[in-house]
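Asker: My questions will all concern the structure given below.
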Amino acid sequence: NNSTKVATTAYVDAQCNLVPTPAIVTTFTARNSESQRYFKNLSEVTDPNSIISINSGQEIQFASTGTYLVKAGVNIDDNDSEGSDEYNAVLVPTHGSTTPITFGGADMRQYPGGSTANIGVCATFTFAYVVSNTTNDRLAIYAEPESAAENFNWEGAAVIEITKIA
């Protein structure tokens, strides 16, 4: 607050505890084929407030309704000899969906473009995600092949930080 009084240790400790600790989700071995373009092997690194869980290693489930701040870094690397394969990194509401989550009218999809886009593409996302139904509002990562992409022979990595803000 704007008081000029000296703060006690108890007051400072209480205020510091108001800052939520985010849940961290990673995958470093997302590999798929034409029939399965979703990132796999998602795992919780930390979740001290138990705000999420991982469903079948493929999607993030939220423990309760509310608004979450999502910060994600997604990398896609193509492993075949074709030099013009390109991918979108897409955040979708469930494993099985190809419809991107939207925020402020914009899709949570990033397309790097360019003929060398298949090598070490890193997409970053930061947005507020409103969970109104914990059964339907989830989070998954979809690798969407574009142009000459052969739809297979790719791998990916992701780090996702999730903080409940309301």
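Asker: For segment 22-50, which positions are in a loop (DSSP other than H, G, I, E, B) and touching a residue at least 40 places away in the same chain (Cβ under 8 Å)? Don't jump to the end; show me each part of the working.
Answerer: Residues of segment 22-50 in a loop (DSSP other than H, G, I, E, B): 22, 34-35, 37, 39-42, 47-50.
Across segment 22-50, the qualifying residues are Pro22, Glu34, Arg37, Phe39, Leu42, Asn49.
Asker: Still on this model: Do you know which residues across segment 51-65 are open to solvent by 20 Å² or more (accessible area, probe 1.4 Å) and part of a strand (DSSP E or B)?
Answerer: Ser53, Ile54, Asn55, Gln61
Asker: Between a residue in segment 90-119 that is small (Gly, Ala, Ser) and any residue that is modelled with pLDDT of 55 or more and surrounded by 19 or more Cβ atoms within 10 Å (Cβ to Cβ), which pairs come within a Cβ distance under 6 Å, given they are 6 or more apart or on different chains?
Answerer: Close Cβ pairs (under 6 Å, with a partner that is modelled with pLDDT of 55 or more and surrounded by 19 or more Cβ atoms within 10 Å (Cβ to Cβ)) amount to Ala117/Glu86.
Asker: With respect to Gly57, is the statement that it is modelled with pLDDT of 80 or more and either among the aromatic types (Phe, Trp, Tyr) or more than 23 Å from Thr126 (Cβ to Cβ) (or both) true?
Answerer: It is true that Gly57 is modelled with pLDDT of 80 or more and either among the aromatic types (Phe, Trp, Tyr) or more than 23 Å from Thr126 (Cβ to Cβ) (or both).
The values are calculated or read from the model by the stated rules, or taken from the named source; none is laboratory data. These numbers were taken from a predicted model, which means no experiment stands behind them. Note that we place each Cβ from the backbone using ideal geometry, even for glycine, and neighbour counts take in every protein chain shown. To get the accessible areas, we keep the full protein, side chains included, count just its heavy atoms, and leave off ligands, DNA and RNA. Shrake-Rupley method; radii C 1.70, N 1.55, O 1.52, S 1.80 Å.
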